[in-house]
Structures are given as C-alpha cells and as structure tokens.
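K.L.:
Pasting a structure below so you can have a look.
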Amino acid sequence: MPTVQGTEDLGAKPLSTFLTSLRRRAFSSLGFPIRGLQSVASNPWPSVDLFRCRTPPSQPHSSTPNGNPTPSLPCWNGMTELSQLLTVRYGPDAPQVSLDAFAENTTLPLLLSHKSVRHFQPKPLPAGTLEMLGAAAQSAASSSNLQVWSVIAIQDTDRKAEAAALCGDQDFIRQAPLFLVFCADLARLTSASERENLPGVALDYTEMFLTAAIDTALAGQNAAVAAEGLGLGICYVGSARNHPRELAALLGLPQRVIALFGMAIGWPVENQTTTIKPRLPQPGMIHHETYHVAARDMGITKYNATMRGFYDAQKMNVEGDWSKHSAKRIAGPESLMGRETLREILEERGFGLK
Ligand SMILES: Cc1cc2nc3c(=O)[nH]c(=O)nc-3n(C[C@H](O)[C@H](O)[C@H](O)COP(=O)(O)O)c2cc1C
C-alpha cells in the first residue's frame, strides 16, 4: 500500500516532543496511569531509548544470534519497563493495573515493543534462522490441524527485486535479506483428497478460504514474534495482494494457492527505526461481556487526540487525525490499489467462495 504506508516510513525521529506531551497529559490530569511509573517519577522518561529495546533485561540470553550484545535497559526492573511500554503504547489511556504479577515475564515486553521496521542492514541472517522462524510459524494453532498455508522464502537478490516491484515497489523489501510470502494454500488438501479418492467439495466454500486466511495470519504472526525475539526487525507487506497473478507466476504458485501477505525480515538499521505506535484505548476495543458502542466511540475520540500528537511529534505528513486518515483509506475502491478485484482473482485461482 505505497500511498498510505509510505507516510509511515519515517526514519529516526526524536521522540522528545511526543514523550513530553504524553508525560504532560499522563501525569498532570490523570496522575500516574499505571503502577510502576512512580518508581521513575523523578525521571519519568529516562534517556535510555526504550523504543529500541527489543530484548527485556531479564531475558537470560546475553547476546543475539549474530554475537552482538543484547540491547538492554540498565537499572530498570521488569515492572518499570512494562509500565513504560504500556504508557508509550496507549499514551494517557494506558490501562491502570498492578504490574506485580507480570514483572518477571519476558514475553510481554517483547510483544509490547513491536514496531514495524523498514530499514535493514545489508547483513545476512544467522544460519538456521529461516528454519527456526518456520518452526515458530508451524507451531501456531491450526484449524482442525489442516495447516492450510505455505510460505515462500525469497533470498535470491533478483527474485526479491522482482517481488518488491510487484509489492508496492517498497525498497525495504529489497534491503531485507529475507522476504517471506505467506500464502493461503488449499492445494495441499486438494492433493490429500485425491489420494484418498474423496471429492473435497468443502474446499469450494468461503469458509475454507477464511480458514486458510486465519491459519496463514497466525503462522505469520508467530514468525514475526520469533524474529523480533531474535533482535530482528520485520515489516508485513499487504501489497503482496496488489498484483496477485504476477506474484503467483513469479513464485510458481499452483491453483488454490494465493499470496496473502509478505514479511520483510532483517537486522534493523538502529538509527533509522521508527517508534512504537500507539494503539486504540482498551475500553471499546476490549469489551467486557458484551459489545459497548459508546465505549468504542469514546475510544475513537481519545485515540484521535493521541495520534494527532504522535503524527506531529513524528513529523508525519498525515492530514487530520486517525479517523480521518483511516476513513480516507477506505473511502472508495480505488484506495484498495487494485485489490478490489480480489474476489475475481480468488475464483480464477481456484478458490470457490460459495
Ligand atoms: C497485513 C499487514 C500488511 C501490511 N502491509 C504493509 C505494507 O505493505 N507496507 C508497510 O510499510 N507496512 C505494512 N504494514 C505495517 C503496518 O502499517 C503497521 O503494522 C501499522 O502501521 C502499525 O505500526 P507498527 O507495526 O509499527 O505498530 C502491514 C501490516 C499488516 C498487519
């Protein structure tokens, strides 16, 4: 999605403005939003660049797979780190919870530290990385264990360049040593049905495409988390759906296989990483017992204010706030950048969608 996504490719920007505004809002009107912040009240935003920290200090490993020392936060305990991460993720709307039970956990800081990386060093990945990311991906849950996905790993420079050209011409795809293309794959079950001399009629229903899409996404996210846990950076590439026919030809995809998204993986260029991007407030996104429309709409209002501050601090060329940016993104079929024909292409590629 070059037009929309391009605005997110920010490079390194000082965070001080955004942090100052967050701190002002969080500390003045609401007090400390979460427990744990008290411990850093005298210096609420330490100079340590939290946003580049990929590995929690309590993690047992002392080095990344390439032998580089693991980035860590000196003198910070897990609770402080978590509270800071929550504040950066939500701004003044961070959930107010006791962090005592979570201080030792190493998965939460990893997940809360996620940010897309769009600048990669020209440095190879350690041997075995692809296999380990594959194992992480395959360890995701799978509906009925049908495992209806495949991934094409592109490392060849020329093929990567061709794929990049088809995927929104995004340069970070060329830079990344590894470009994974995650595909919904009903061809394997077609083959299994033929072996068993069974008709496989259910494969022609929308439910099976959706099953494949869900399985593929779960596998992709497992690979993403695994990569980030190794200190690598990732960026998803939805533009893999911009030219599905051409990409299928480039990758030799058989019928009933279609690329859903790509993932560029590599070592981040440390001084060109973007910052952690705030998310919608939890009330209205995470509903208790039943769906709450008013909380959802209040969440939009609050998030608009947070994101406006974020866009300004990041010098992002985004008009208006989050709802305006998002509403423009979905205003007409042209904003789908060719993907408005996806149903036709899916049918052409053998997905029944009944
Ligand atoms: C399925 C999917 C497709 C995406 N496609 C692109 C893309 O083509 N180009 C890009 O720069 N970012 C892409 N992104 C990254 C999103 O823009 C990013 O996740 C979002 O802005 C939130 O930022 P964060 O990941 O840094 O938290 C994609 C993300 C997802 C989940």
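K.L.:
Going by what's in this entry, would Asp158 be described as without any contact (Cβ under 8 Å) to a residue 24 or more places away in the chain, under 22 Å from Ile265 (Cβ atoms) and under 19 Å from the mean Cα position of the chain (by Cα)?
P.N.:
no
K.L.:
Mind checking which residues of region 242-267 are in contact with a strand residue (DSSP E or B) (Cβ under 7 Å, 6 or more places away or on another chain) and within 12 Å of the ligand (Cβ to nearest atom)?
P.N.:
Correct list: Ala259, Leu260, Phe261, Gly262, Met263, Ala264.
K.L.:
Something else: Could you please find all residues in region 270-288 being buried (at least 17 other Cβ atoms within 10 Å of the Cβ) and out of contact with any helix residue (DSSP H, G or I) (no Cβ under 8 Å at 6 or more places or on another chain)?
P.N.:
Thr274
K.L.:
Here's something else I'd like to know. Starting from residues that are part of a helix (DSSP H, G or I) and of a type in the set (Gly, Ala, Ser), keep the ones in region 85-106 and report whichever is farthest from Met307 (Cα to Cα).
P.N.:
Ranking the candidates gives Ala101 first.
K.L.:
Another question, if that's okay. Specify which of the listed residues (Asp185, Asp171) is charged (D, E, K, R), in contact with a helix residue (DSSP H, G or I) (Cβ under 9 Å, 6 or more places away or on another chain) and within 16 Å of the ligand (Cβ to nearest atom).
P.N.:
That would be Asp171, the only listed residue that is charged (D, E, K, R), in contact with a helix residue (DSSP H, G or I) (Cβ under 9 Å, 6 or more places away or on another chain) and within 16 Å of the ligand (Cβ to nearest atom).
K.L.:
Now for a separate question. Only one residue in Tyr303, Tyr311 is within 16 Å of the ligand (Cβ to nearest atom), in contact with a helix residue (DSSP H, G or I) (Cβ under 7 Å, 6 or more places away or on another chain) and aromatic (Phe, Trp, Tyr). Which one?
P.N.:
After applying the criteria, what remains is Tyr303.
Okay, residues lined up against (1) part of a loop (DSSP other than H, G, I, E, B); (2) out of contact with any Pro (no Cβ under 6 Å at 6 or more places or on another chain); (3) more than 21 Å from Ile234 (Cβ to Cβ); (4) in contact (Cβ under 8 Å) with a residue 12 or more places away in the chain:
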{"site": "Ser83", "(1), (2), (3), (4)": "no, yes, yes, yes"}
{"site": "Leu108", "(1), (2), (3), (4)": "no, yes, no, yes"}
{"site": "Arg118", "(1), (2), (3), (4)": "yes, yes, no, yes"}
{"site": "Pro122", "(1), (2), (3), (4)": "yes, yes, no, yes"}
{"site": "Pro126", "(1), (2), (3), (4)": "yes, no, no, yes"}
{"site": "Met132", "(1), (2), (3), (4)": "no, yes, no, yes"}
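K.L.:
Next question. Only one residue in Tyr311, Tyr303, Tyr291 is of a type in the set (Phe, Trp, Tyr), surrounded by fewer than 16 Cβ atoms within 10 Å (Cβ to Cβ) and not assigned by TED's automatic domain parsing to the domain that holds Gln255, so which one is that?
P.N.:
Residue meeting the stated conditions: Tyr291.
K.L.:
Still on this model: Being basic (Lys, Arg) and closer than 16 Å to Phe120 by Cβ is the filter here; which residues of region 149-191 pass it?
P.N.:
Lys160, Arg174
K.L.:
Could we say that Gly231 is at pLDDT 95 or above, surrounded by fewer than 21 Cβ atoms within 10 Å (Cβ to Cβ), on the phi > 0 side of the Ramachandran plot and out of contact with any Phe, Trp or Tyr (no Cβ under 9 Å at 6 or more places or on another chain) here?
P.N.:
Spelling it out, it is not the case that Gly231 is at pLDDT 95 or above, surrounded by fewer than 21 Cβ atoms within 10 Å (Cβ to Cβ), on the phi > 0 side of the Ramachandran plot and out of contact with any Phe, Trp or Tyr (no Cβ under 9 Å at 6 or more places or on another chain).
K.L.:
Is it true that Gly200 is assigned by TED's automatic domain parsing to the domain that holds Gly168 and more than 20 Å from Gly134 (Cβ to Cβ)?
P.N.:
Spelling it out, Gly200 is indeed assigned by TED's automatic domain parsing to the domain that holds Gly168 and more than 20 Å from Gly134 (Cβ to Cβ).
K.L.:
Based on what the data block shows, is Leu353 closer than 21 Å to Val237 by Cβ and either assigned to a loop (DSSP other than H, G, I, E, B) or more than 24 Å from the chain's Cα centre (by Cα) (or both)?
P.N.:
So Leu353 fails the test.
K.L.:
Might you let me know whether region 254-268 holds any residue that is touching a residue at least 12 places away in the same chain (Cβ under 8 Å), within 18 Å of Arg118 (Cβ to Cβ) and more than 15 Å from the chain's Cα centre (by Cα)?
P.N.:
yes
Residue by residue, here is whether (1) more than 16 Å from the ligand (Cβ to nearest atom); (2) in contact with a strand residue (DSSP E or B) (Cβ under 6 Å, 6 or more places away or on another chain); (3) more than 15 Å from Ile276 (Cα to Cα); (4) not β-branched (Val, Ile, Thr) holds:
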site	(1), (2), (3), (4)
Thr87	no, no, no, no
Thr107	yes, no, yes, no
Leu110	no, no, no, yes
Ala141	yes, no, yes, yes
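The values are calculated or read from the model by the stated rules, or taken from the named source; none is laboratory data. Only a predicted model underlies this, so the values are computations on that prediction, with no experimental measurement involved. A quick note on method: Cβ atoms are made from the backbone with ideal geometry, for glycine too, and the neighbour counts reach across all protein chains shown.
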